[in-house]
Amino acid sequence: MPENIIELRKADLTLGSQAAAVHVLRGIDLSIRAGEAAGIVGPSGSGKSTLLMVLAGLERLDSGEIVIDGAPLHTFSEDALADFRGRNIGIVFQSFHLIANMTALENVAVPLELANIADPFAIAENELRAVGLGERLHHYPGQLSGGEQQRVAIARALAPSPKVLIADEPTGNLDTETGRQIADLLFSKQAERGMTLVLVTHDPSLAARCSRQIGVRSGHIESDSAHDAALHQRQTA
């Protein structure tokens, strides 16, 4: 495994076209180490969520390179990218994105089936039990609280044993106490499995739990605690 599991090089992306075009990412260079927990922060419209979607393989760059675990995603076909994402990148969204007419067990198992991973329902049950939902396997999303739905989403993200876990405002739709419990779960699973965690959040206390904070503004990286710490170390050496 490379020391840096994520590499962005001169990443550039414009969304929309003509008069509605917005230059969202402006030549971003970013490296994230394997096993690191990185929090991406910044004002609304800064580009942080788009940056996260690029890292998740859900947005294509106009130019530049993205390499994850040695794989050059910017060169992949859509099918190859979807296959890589299904096996290597877990994604947790603010709004859960569960399928309403599937049980918790099915919501976790079906993506595993689509990725041709063996024993999908056994894996799904184990993951749901691991996030505290052993008694809710056959409940539908509408029968679950917001916190329980997010636990299903986390189980779904963790089920393929991804190397990278991406989380977009994972506590944004939850009350303070439930949000704290979900954050505890995310960080405990990240530490337990040695995954790389990259999350976007407006919550300073959640960002502070990350080992590294990356500030984004106007499509640029404005600050990076890892860079700042390395610079301070060189200046005081």
Margin query: Quick check: Cα centre of the stretch 7-22 to Cα centre of the stretch 106-180, how many Å?
Written below: 32
Checklist line | Residues listed by number, the stretch 161-181, amide nitrogen under 20 Å from Ser145 label point at 7 Å toward C-beta | finding: 170-181
Check: In the stretch 85-214, what percentage of the DSSP-assigned beta bridges are antiparallel, given to the nearest 5?
Finding: 0
Next item on the list: Would you calculate the separation in nanometres between label points at Asn116 and Arg26, each defined as 7 Å from the Cα along the Cα-to-beta-carbon direction?
Entry: 4.4
Notebook entry, point to check: Want the number for His202 to Ser223: 0.36 nm per residue separation, take away the alpha-carbon distance, what's left?
Noted result: 6.0 nm
Check: Angle between the Cα long axis of helix 78-88 and the longest principal axis of the chain, 0 to 90 degrees, nearest 10?
Finding: 70
Note to self: For a test of the definition: using alpha carbon positions, the gyration tensor, and the 1.5 limit on a/c, classify the stretch 25-96 as rounded, prolate or oblate.
What the structure shows: rounded
Note to self: With equal scatterers on the alpha carbons only and no solvent term, can you work out the Debye log10 of I(q)/I(0) for the chain at 0.11 1/Å?
What the structure shows: -0.57
Checklist line | Proximal lysines to Lys48, defined as alpha-carbon separation beneath 20 angstrom and excluding residues fewer than eight positions away on the same chain | finding: Lys10
Notebook entry, point to check: Put a dot 7 Å past each Cα toward the Cβ at Ala100 and His138; how far apart are the dots in nm?
Noted result: 2.3
Notebook entry, point to check: For the chain, what is the percent of antiparallel DSSP beta bridges, rounded to the nearest 5?
Noted result: 55
Check: Roughly what angle does helix 120-130 make with the longest principal axis of the chain, taking Cα atoms, 0 to 90 degrees, to the nearest 10?
Finding: 80
Notebook entry, point to check: Which angle from 0 to 90°, rounded to the nearest 10, does the C-alpha axis of helix 176-193 make with the longest principal axis of the chain?
Noted result: 80
Next item on the list: Could you pull the Cα extents of the stretch 126-180 along its three principal axes, largest to smallest, in whole Å?
Entry: 28, 26, 16
Next item on the list: Using θ = phi - 60° and the Karplus relation 6.51 cos²θ - 1.76 cosθ + 1.60, list the HN-Hα couplings for the stretch 101-114 in order, rounded to whole Hz, with x at every Gly or Pro.
Entry: 9, 10, 5, 4, 4, 5, 4, 7, 7, 4, x, 5, 4, 5
Margin query: Within 10 Å of each candidate Cβ there may be at most 15 other Cβ atoms; applying that plus a DSSP loop requirement, which trypsin sites (Lys or Arg not before Pro) in the stretch 24-119 survive?
Written below: Arg60
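None of the figures in this text is laboratory data; all of them are computed from the coordinates on show. Worth saying up front: this structure is predicted, and the values here are computed from it rather than measured. Cβ coordinates were reconstructed from backbone atoms using ideal geometry, including for glycine residues, and neighbour counts include every protein chain displayed.
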